[in-house]
1. Against the definition (among the hydroxyl-bearing types (Ser, Thr, Tyr) and open to solvent by less than 60 Å² (accessible area, probe 1.4 Å)), how does Thr61 come out, yes or no?
2. Suppose the filter is of a type in the set (Gly, Ala, Ser) and in a helix (DSSP H, G or I); does Ala147 pass it?
3. Given the residues Gly302, Gly295, Gly285, Gly275, which is the only one that is under 15 Å from Ala163 (Cα atoms) and either under 16 Å from the mean Cα position of the chain (by Cα) or of a type outside the set (Lys, Arg) (or both)?
4. Would you pick out the residues in the stretch 297-336 that are part of a loop (DSSP other than H, G, I, E, B) and under 12 Å from Ala159 (Cβ atoms)?
5. Mind telling me which of the residues Val333, Val299, Val315 ends up being buried (at least 18 other Cβ atoms within 10 Å of the Cβ), in contact (Cβ under 8 Å) with a residue 40 or more places away in the chain and under 18 Å from Phe73 (Cβ atoms)?
6. I'd like the full set of residues that are of a type in the set (Gly, Ala, Ser), in contact with a Ser or Thr (Cβ under 6 Å, 6 or more places away or on another chain) and within 27 Å of Arg311 (Cβ to Cβ), limited to the stretch 171-192.
7. Can you go through Leu193, Leu182, Leu203, Leu198 and tell me which one is in contact with a Pro (Cβ under 7 Å, 6 or more places away or on another chain) and surrounded by fewer than 14 Cβ atoms within 10 Å (Cβ to Cβ)?
8. Which is among the small types (Gly, Ala, Ser) and free of Cβ contacts under 8 Å to residues at least 24 places away in the same chain, of Gly275, Gly247?
Amino acid sequence: MTFSVAVAGASGYAGGELLRILAGHPDFEVRTVTAHQNAGHPLIAHQPHLRSLAHLTLQETSPETLSGHDVVFLALPHGTSGEIAAQLPDDTVVVDCGADHRLEDPADWAAFYGGEHFGAWAYGVPELPVGSGAAVSGKQRDRLVGARRIAAPGCNASAVSLALAPGIQAGLIDDEDIVAVLAVGPSGAGKSLKTMYLASEILGSANPYAVGGTHRHIPEIQQNLRKAGAGSPTLSFTPVLVPMSRGILATSTARVKPGVTAAQVQAAWEEAYAGEPFVQVLPAGVVPRTSDVLGANTVLIGVALDAASGRVVTVLAIDNLYKGTAGAAIQSVNIALGLDETAGLTVNGVAP
């Protein structure tokens, strides 16, 4: 069976990455692409790398245009997906690649986003550990089976969450002093024309932003770590724009419980992701680079124990547009529809 697909926000970076993956998916057919200001333009004018989809024209983003498809991906700015999604048929699989349906607590939404809270959907990080101790209940994957509403993750949020959840679940680390510093490519901010994203501002420089606990992915990370067994996790989170178009290198640390050994740390992370097709824990002493995951749905994690400071150190690399957004969305839809979870997705990156 072939499923019909519509992609809203198809002229942007996330929309373009969705289309690039969908174009090679054996079970999906892209029939409709939409945009806002670019409606009426040929898709190829804004996504010139998508040669196999050159026959498509960007249409107006509206519930009427998007209805009638089996799957709808909404690659739209936060605050715009919720109203459109509410008008789509219940039997359509709708994936919000924005933030509107990630947060479960309306207070978190009010504090970090503002405006109407549209409610939380099934969270699109299948590998995320859920529960701890006697309450271990598998992975987030189980909650995606049969889902008709899916919230794709924030790329930074999924990076930090996947990096630390195994230690939380295994009871090896303290959730009261977590520090994460991320090197981030500017494509995660979309195509909006802002001075801080201009090449002349980014090239040859590293630029911290949303410093001091203001980044909107913080409550999403805390929510994920609570699912893995954390109580009230405290997090110092600092992203840094660096001169690479795409990619995230997340260095996350946390205090370890007394007596925890390096062997226990390595074993906990390996056990948490054993058998996962897209998340791989590297051997002890090895850390990843963003170039190792470019253009792939792969997550690479290196983990070490800093015995002198009593902290675990994780280094995680993902492609923010692929596994951070579009790949996670498509992987989650595969699960929801009962398809091969890996269909249309690759673990092999692009080099050099």
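The values are calculated or read from the model by the stated rules, or taken from the named source; none is laboratory data. None of the values given here were measured: they were computed from a predicted structure. FYI the Cβ positions are ideal-geometry reconstructions off the backbone, even for glycines, and counts take in every protein chain you see. Ligands, DNA and RNA are excluded from the accessible area calculation, which covers all protein heavy atoms including side chains. Shrake-Rupley method; radii C 1.70, N 1.55, O 1.52, S 1.80 Å.
1. Judged against the criteria, Thr61 is a match.
2. Against the criterion (of a type in the set (Gly, Ala, Ser) and in a helix (DSSP H, G or I)), Ala147 does not qualify.
3. From the options Gly302, Gly295, Gly285, Gly275, the qualifying one is Gly302.
4. Asp319, Asn320
5. Val333
6. Ala180, Gly185
7. Of Leu193, Leu182, Leu203, Leu198, the one residue that is in contact with a Pro (Cβ under 7 Å, 6 or more places away or on another chain) and surrounded by fewer than 14 Cβ atoms within 10 Å (Cβ to Cβ) is Leu203.
8. Only one candidate passes the filter, namely Gly275.
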